[in-house]
Amino acid sequence: MRSLLVVEHRAANEVAMADPQSDQLSKKQTPKYLLEDYGYQVLRAGDEKKAELQMNNADAVVLHMPLNEVKLWRAKLLKQKTVPLLWWCSAASASRSAAFCEDDIQVDGILTPSMSEQELHWALHFGSKQCFERLQWINERKQLEGRLEERKWIDMAKGILCKIKNISEAEAYDVLRKQAMNERKRMVDVATSIVKVYQILQDQK
């Protein structure tokens with residue numbers, strides 16, 4: 001992970017100016033300065049259009065803004081590409097984020113201006129690990145939901161076959177399986193067809 005997209009929304013600049021502690025945010029504490037000093041390639045964006053253009057070249061995104069802004073930007077950027085998303089917790093952004101600390105922000109890690117090179121490296125490493133574990137969990141959930149949906153159609157079709165043919169569930173399952181083999185289709189596709197045809201016939205009565 002070498003190329004980092006730093007997004008500093010204008011709200012972050014407004015926060016820095018309004019915050020009484022903003023004088024502590026010297027140039028050396030900015031994400032761009034610190035990350036480049038530690039050897040990372042830094043891409044910068046201050047608006048949505050530029051951020052979207054830079055996303056293809058980014059290995060991770062660092063958001064320097066209050067947490068309520070993070071939630072909005074996360075939704076925008078991760079539609080384009082799945083990368084680790086980290087929050088830059090400066091004094092200014094932290095002071096404006098207290099009201100949102102209980103919100104479901106879903107960042108993969110937090111970076112701070114006081115981190116050493118080694119601390120920042122490990123924060124990015126674990127952020128990357130967290131991101132792809134989350135992605136794996138989302139994919140597994142989608143697969144499980146898909147299997148449950150297939151099971152629903154098959155169970156409905158079995159119930160219809162049991163009713164109209166006066167057979168057991170095991171026999172209805174065999175009927176579905178054999179028909180799927182004969183038609184070279186998935187069993188769920190055969191089941192879906194049976195259920196839909198049956199529903200049409202019932203509506204016509």
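Numbers for the structure displayed
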| quantity | calculated |
| --- | --- |
| Carbon and sulfur %, accessible surface of the chain computed with the full protein complex present, 1.4 Å | 51 percent |
| Dipole magnitude of the chain, debye to nearest 20 (Cβ charges: Lys/Arg +1, Asp/Glu -1, about Cα centre) | 1060 debye |
| Dipole moment magnitude, nearest 20 debye, segment 125-197 about Cα centre, only Lys, Arg, Asp, Glu C-beta charged | 120 debye |
| For segment 89-171, convex hull volume per residue from C-alpha positions, Å³ | 116 Å³ |
| Acute angle (nearest 10 degrees) that the helix 117-165 long axis makes with the longest principal axis of the chain, alpha-carbon atoms | 20 degrees |
| Highest average packing first - 40-46, 161-167, 71-77, Cβ atoms within 10 Å | 40-46, 71-77, 161-167 |
| Candidate values [x] 17.6; [y] 13.4; [z] 11.8, label of the one derived for mean projected area of the Cα convex hull in nm² | [x] |
| Accessible area per residue, Å², the chain with all protein chains present, probe 1.4 Å | 61 Å² |
| Selected from V7, V175, W153, residue furthest toward positive end of dipole (the chain; charges at beta carbon) | V175 |
| Residue among I138, H64, Y40 farthest towards the positive dipole end of the chain, charges placed on Cβ | I138 |
| Within the chain, helix-based [θ] at 222 nm, where runs of 4 or more DSSP H residues each add -39,500 (n - 2.57), nearest 500 | -19500 deg cm²/dmol |
| Charged-residue dipole, Cβ positions (Lys, Arg, Asp, Glu), segment 83-169 about Cα centre, Debye nearest 20 | 620 debye |
| Amide H contacts of W88 (H built 1.01 Å from N, under 5 Å, at least 5 apart or other chain) | L63, H64, M65, L111 |
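The values are calculated or read from the model by the stated rules, or taken from the named source; none is laboratory data. The shown structure was predicted, so the numbers you read here are calculated from the model rather than taken from an experiment. Every residue, glycine as well, gets a Cβ built from its backbone with ideal geometry; the counts of neighbours run over all protein chains shown. All accessible areas refer to the heavy atoms of the entire protein, side chains included, with ligands and DNA or RNA removed. Shrake-Rupley method; radii C 1.70, N 1.55, O 1.52, S 1.80 Å.
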